Amino acid sequence: MTAPRGAGEAPLAGSAPLIDVHAHFYHAGAGRADWADVNAARFRAGDRIGITSHVASVLGSYGFSSPTYFPSPADVERGNDAMLEIASRDRKRVRMFTTVNPNYTEHALREIDRCTAQGAIGVKLLASRRADDPLLDPIAELAGKQGLPVLHHIWQHRTREWPSQEISDGADLARLARRNPATNFILAHIGGGGDYMHTFHAAAGVPNIYPDLSGSGVDRGMLDAAIAALGARRLLWGCDLTMCTGLAKLRALDTIGIQKADIEDIRWRNAARIFPSNSFERCGAVQ
Amino acid sequence: MIDVSTFVGPYPFRYVPHPTPDALVRVLDREQLEGAWVGHLPSAFYRDPAPGNAELFGMLRPFSARLKAVPTIRPDWPGCEAALREAKSAGAPAIRAYPVHWGLGPHDQRMRELAIAAGELGMPLVLTVRFEDLRQRHSLDVAGDLSAAAIRSLARAGDSVRLVVTSAGREMIEEVHWGLTPAEQRRVVWDIAWIWGPPEDHLAKLFRTVGGERFVFGSQWPLRLVQAPLANLDLLPDDVRRVSLGRV
């Protein structure tokens, strides 16, 4: 399905719909002078790959005025405002998650309502609180009622505490997902570090968990194992911070012997199923 | 284009699908790569690399037109000088060493002597910064990453030294490159297997600052997808899209 290298200006990943469910954008309050260049680079590479829709979030101030994974309420709002502005400029191409910090429950619930009213189609949870903490239940419940999938930052198999985040793994998220069966959860970046095989086992029996393929990790065997353990209907394509590895995984999907329909599920159909209906105008209707 | 960073053989800490020479040749064909320098993956974890080298040459013999054996030489092991000469006689384009796995520090004189001796025979020394992401390592995999200090030390060892450093990221490359004289910089090339592409565009930034001639193609197959560095090249911004990689 994907085009060969050097195929002129045709999308490198072909012209079929393609939804990146794990993207991030930056803003002037993010503490880096090149923030606009990085945003522009995401659009440039997205066009080159053939990404139909970026579903993105802004993570507060990315550590500039509060920690990336523990954003203050003020930074949460500032980041969501920036993301709303980016999404409003090109809604056909950019959709957004509302980022929240569950330690501020009432604020989180208000942010979800505020941003959803302005077009957000999902909720982004970082690593501000472990995924199985009951504090996340009101957020998961509200997301479920509104039909919003929850993208949760995950470390694949946490074996210890890591600095700067209260990290969760697939087993932690599975407990939250079991308590909230009406809510769909996107398990972040199986290529984002840690032992993805642990994740596949932890998530296999929890049908409302959908792992995304994003992350800089491109281990051979990872995609095959994910499909074997979970099936193509449970996987979502995404890039996160490295779009080159996203393109590489698309090309790898073409070589590991799965059906064209399975590839389409991973490229966009699964995303179209779990996000609110009509979220992706450019992708058409899901069969 | 040659892939300078491939292996055959299993990896001790996780399952790796079909790490065999025939599979590698199929990958090269599919990705339109001319050939590969091939190491023996288990040898990085053996105390004595000699049996692994013998196995490597044997495995690659039927594929010698495309796959070039890069044996492992351990400089603190008896007979390493002879092993180096044998590698040259056998047509190896380069040799590999894993100082961190052997407990050799960043300024170990034996590593420096190996780098010099290999260079005098016209063979670059291939170094591996990491096999896996630090975040996913097995509890028994305690070797750690190769340090920038170790690479600088080897690059400064002598005029004949030629290093091919694989699996480094932007920060390490910059730390080493700008910590060397221009003459020392020319002794080092880096593969692009672990360098980030867009939106951070680390590879593009390195091409603009360090220069494309200091980089070569490497994938770390069979541990990682060979499609990743190819995708990275395909996604370069226009101003560096035509930059040529260096040669080894």
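The values are calculated or read from the model by the stated rules, or taken from the named source; none is laboratory data. Remember, predicted model here, so these are calculated numbers, not experimental data. Note that we place each Cβ from the backbone using ideal geometry, even for glycine, and neighbour counts take in every protein chain shown. Each accessible area value is taken on the protein alone, full model and side chains, heavy atoms only, with ligands, DNA and RNA left out. Shrake-Rupley method; radii C 1.70, N 1.55, O 1.52, S 1.80 Å.
Among (1) touching a residue at least 40 places away in the same chain (Cβ under 8 Å); (2) buried (at least 22 other Cβ atoms within 10 Å of the Cβ); (3) outside any helix (DSSP H, G or I); (4) in contact with a His (Cβ under 8 Å, 6 or more places away or on another chain), which single condition is A:Gln165 missing?
(2)
State whether the residues of the range B:12-25 include one that is open to solvent by 20 Å² or more (accessible area, probe 1.4 Å), touching a helix residue (DSSP H, G or I) at 6+ places or on another chain (Cβ under 6 Å) and either farther than 24 Å from B:Trp190 by Cα or not β-branched (Val, Ile, Thr) (or both).
Looking for residues that are open to solvent by 20 Å² or more (accessible area, probe 1.4 Å), touching a helix residue (DSSP H, G or I) at 6+ places or on another chain (Cβ under 6 Å) and either farther than 24 Å from B:Trp190 by Cα or not β-branched (Val, Ile, Thr) (or both), one finds at least one in the range B:12-25, hence yes.
Counting only residues that are open to solvent by less than 30 Å² (accessible area, probe 1.4 Å), touching a residue at least 40 places away in the same chain (Cβ under 8 Å) and away from chain A (no Cβ under 14 Å), give me the helices (runs of 4 or more DSSP H) lying completely in the range B:129-248 with at least 3 of them. Walk me through it before giving the result.
On the way: elements: B:148-155, B:170-177, B:182-185, B:202-209, B:227-234.
Where helices (runs of 4 or more DSSP H) fall fully within the range B:129-248 and carry at least 3 residues being open to solvent by less than 30 Å² (accessible area, probe 1.4 Å), touching a residue at least 40 places away in the same chain (Cβ under 8 Å) and away from chain A (no Cβ under 14 Å), they are B:148-155.
Can you tell me which residues in the range A:236-253 are touching a strand residue (DSSP E or B) at 6+ places or on another chain (Cβ under 9 Å) and either surrounded by fewer than 24 Cβ atoms within 10 Å (Cβ to Cβ) or more than 7 Å from chain B (Cβ to nearest Cβ) (or both)?
A:Leu236, A:Trp237, A:Gly238, A:Cys239, A:Asp240, A:Leu241, A:Gly246
Given (1) closer than 21 Å to A:Ala23 by Cα; (2) open to solvent by 40 Å² or more (accessible area, probe 1.4 Å), identify the lone condition not met by A:Tyr196.
Exception for A:Tyr196: condition (2).
Would you check if A:Ser72 is open to solvent by 10 Å² or more (accessible area, probe 1.4 Å), away from chain B (no Cβ under 11 Å) and without any contact (Cβ under 8 Å) to a residue 24 or more places away in the chain?
Values: open to solvent by 10 Å² or more (accessible area, probe 1.4 Å): yes; away from chain B (no Cβ under 11 Å): yes; without any contact (Cβ under 8 Å) to a residue 24 or more places away in the chain: no.
It is false that A:Ser72 is open to solvent by 10 Å² or more (accessible area, probe 1.4 Å), away from chain B (no Cβ under 11 Å) and without any contact (Cβ under 8 Å) to a residue 24 or more places away in the chain.
Please indicate, with yes or no, whether at least one residue in the range B:36-54 is within 14 Å of another protein chain (Cβ to nearest Cβ), of a type outside the set (Gly, Ala, Ser) and either open to solvent by less than 60 Å² (accessible area, probe 1.4 Å) or assigned to a strand (DSSP E or B) (or both).
Just the residues of the range B:36-54 that are within 14 Å of another protein chain (Cβ to nearest Cβ), to begin with: B:41.
Applying the additional criterion that residues be of a type outside the set (Gly, Ala, Ser) yields B:41.
Now restrict to residues that are either open to solvent by less than 60 Å² (accessible area, probe 1.4 Å) or assigned to a strand (DSSP E or B) (or both): B:41.
Within the range B:36-54 (the criterion being within 14 Å of another protein chain (Cβ to nearest Cβ), of a type outside the set (Gly, Ala, Ser) and either open to solvent by less than 60 Å² (accessible area, probe 1.4 Å) or assigned to a strand (DSSP E or B) (or both)), the answer is yes, since at least one residue qualifies.
Looking at the range A:32-40, can you tell me whether even one residue there is in contact with a Ser or Thr (Cβ under 8 Å, 6 or more places away or on another chain), over 30 Å from A:Ile256 (Cβ atoms) and assigned to a loop (DSSP other than H, G, I, E, B)? If you could, list the steps in order and put the result at the bottom.
Here is the first cut: in the range A:32-40, the residues in contact with a Ser or Thr (Cβ under 8 Å, 6 or more places away or on another chain) are none.
For the range A:32-40, residues in contact with a Ser or Thr (Cβ under 8 Å, 6 or more places away or on another chain), over 30 Å from A:Ile256 (Cβ atoms) and assigned to a loop (DSSP other than H, G, I, E, B): absent.
Taking the range B:55-103 on its own, how many of its residues are free of Cβ contacts under 8 Å to residues at least 40 places away in the same chain and either surrounded by fewer than 23 Cβ atoms within 10 Å (Cβ to Cβ) or part of a loop (DSSP other than H, G, I, E, B) (or both)? Steps first, answer last, please.
Here is the first cut: in the range B:55-103, the residues free of Cβ contacts under 8 Å to residues at least 40 places away in the same chain are B:57-58, B:61, B:64-65, B:68-69, B:71-72, B:74-92, B:95, B:97, B:102-103.
Checking the rest, the ones that are also either surrounded by fewer than 23 Cβ atoms within 10 Å (Cβ to Cβ) or part of a loop (DSSP other than H, G, I, E, B) (or both) come to B:57-58, B:61, B:64-65, B:68, B:71, B:74-86, B:88-92, B:102-103.
Matching residues across the range B:55-103 total 27.
Quick test of your reading of the structure: B:Glu113 fulfils all but one of (1) on the phi > 0 side of the Ramachandran plot; (2) away from every other protein chain (no Cβ under 14 Å). Name the failing condition by number.
Every listed condition holds for B:Glu113 apart from (1).
Select, from A:Leu223, A:Leu235, A:Leu230, A:Leu213, the only residue that is in contact with an Asp or Glu (Cβ under 9 Å, 6 or more places away or on another chain) and of a type in the set (A, V, I, L, M, F, W, C). If you could, list the steps in order and put the result at the bottom.
On the way: A:Leu223 fails: in contact with an Asp or Glu (Cβ under 9 Å, 6 or more places away or on another chain); A:Leu230 fails: in contact with an Asp or Glu (Cβ under 9 Å, 6 or more places away or on another chain); A:Leu213 fails: in contact with an Asp or Glu (Cβ under 9 Å, 6 or more places away or on another chain).
The match here is A:Leu235.
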